[in-house]
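Single-structure report; data block below.
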Amino acid sequence: MPELPEVETTRRGVEPHIQDHHISRIVVRDKRLRWPIPDELPQWAQDQRVLSVTRRSKYLLIHLDRGTLIIHLGMSGNLRVLMDDPTPTKHDHVDIELDNGTRLRFNDPRRFGAFLYTEKPLAEHELLKHLGPEPLTEDFTSDYLFLRTRKRKTKIKTLIMDAKIVVGVGNIYANEALFMSGIYPHKLAGKITKAQAQRLVECIKAVLAAAIEQGGTTLKDFVGGDGKPGYFAQSLNVYGRAGLPCLKCETIIKEMRTNNRSTCYCRQCQPNR
Ligand SMILES: [Zn+2]
């Protein structure tokens, strides 16, 4: 599933090819995504200029003169920049054609993605208004996280994966950040110390930044015929390593379930205290 780093890498890969160009046409081949693509969307967006491409959580926001295209890659989606017009395949649901001949092709086999348009202020949009801060901005501080953990009886791992607390911390990144910060994943959030909150915020930022940096090396994959952007193989230190020795202390890594998701941890490096 595309996570925040993949979406950010997509944003960086796409923006230079479409910025300052006008949309000449949008072709919708299959509108049945998570929410149906509005029939009028192509005409709403047509002839508008692309001002910029930004990201909020895992939403790509293509800012136009009058409104914004809101794109989500769902479970299996990707966007490709095409310089020509290769025959669309089965899951190529939408093309955005630009006046420079570039084409942005949205592919989503499982159709959990979204392709929407709004002219309302984005901060008030139903999909965006309840989101917590971006993890890589100055809004996500240890003071903020510490405050949000107070009196919370939920597990710390569950808390940091809650988009109302902070966006973009998917299961793999939560595993990695908790391992890096030496915190037991099922520790109750309300019991986290100030020092632990600080360490955890630093590690969440570090893990996500490293993944984005790693993704940068795959940027070239965004352009070209069939080349789909690679959802990068990350170097993982704890996730998927159950039964293997801890990379820090060689204790065997344990696995447990957290809200039905896999949690790998080291009893030695992540004691419950
Ligand atoms: Zn260890």
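The values are calculated or read from the model by the stated rules, or taken from the named source; none is laboratory data. Remember, it's a predicted structure, so these values are computed and weren't measured experimentally. Neighbour counts are summed over all protein chains in view; Cβ atoms, including those assigned to glycine, are modelled from backbone coordinates with ideal geometry. We work out accessible area using only protein heavy atoms, side chains counted, and drop any ligands, DNA or RNA first. Shrake-Rupley method; radii C 1.70, N 1.55, O 1.52, S 1.80 Å.
Of everything listed in (1) open to solvent by less than 10 Å² (accessible area, probe 1.4 Å); (2) of a type in the set (Gly, Ala, Ser); (3) farther than 15 Å from Leu104 by Cβ, the single unmet condition for Ser57 is (1). Among the residues of the range 70-102, those that are β-branched (Val, Ile, Thr) and in a loop (DSSP other than H, G, I, E, B) comprise Thr87, Thr89, Thr102. Among the residues of the range 201-216, is there at least one that is out of contact with any Asp or Glu (no Cβ under 7 Å at 6 or more places or on another chain) and outside any helix (DSSP H, G or I)? The answer is no, given that none of the residues of the range 201-216 is out of contact with any Asp or Glu (no Cβ under 7 Å at 6 or more places or on another chain) and outside any helix (DSSP H, G or I). The set of residues in the range 247-264 being within 9 Å of the ligand (Cβ to nearest atom), open to solvent by less than 70 Å² (accessible area, probe 1.4 Å) and in contact with a Lys or Arg (Cβ under 9 Å, 6 or more places away or on another chain) consists of Thr251, Ile253.
Does the range 118-130 contain any residue that is under 23 Å from Ser24 (Cβ atoms) and open to solvent by less than 30 Å² (accessible area, probe 1.4 Å)? Within the range 118-130 (the criterion being under 23 Å from Ser24 (Cβ atoms) and open to solvent by less than 30 Å² (accessible area, probe 1.4 Å)), the answer is yes, since at least one residue qualifies. When the test is whether a residue is open to solvent by 70 Å² or more (accessible area, probe 1.4 Å) and touching an Asp or Glu at 6+ places or on another chain (Cβ under 8 Å), Arg111 passes it.
Do we find a residue being modelled with pLDDT under 90, within 16 Å of the ligand (Cβ to nearest atom) and open to solvent by 50 Å² or more (accessible area, probe 1.4 Å) anywhere in the range 235-243? There is at least one residue in the range 235-243 that is modelled with pLDDT under 90, within 16 Å of the ligand (Cβ to nearest atom) and open to solvent by 50 Å² or more (accessible area, probe 1.4 Å). If you go through the range 158-194 and keep only what is hydroxyl-bearing (Ser, Thr, Tyr) and in a loop (DSSP other than H, G, I, E, B), you end up with Tyr184, Thr193. Checked against (1) among the hydrophobic types (A, V, I, L, M, F, W, C); (2) touching a residue at least 12 places away in the same chain (Cβ under 8 Å); (3) open to solvent by 50 Å² or more (accessible area, probe 1.4 Å); (4) closer than 30 Å to Lys191 by Cβ, Leu147 passes all but a single condition, namely (2).
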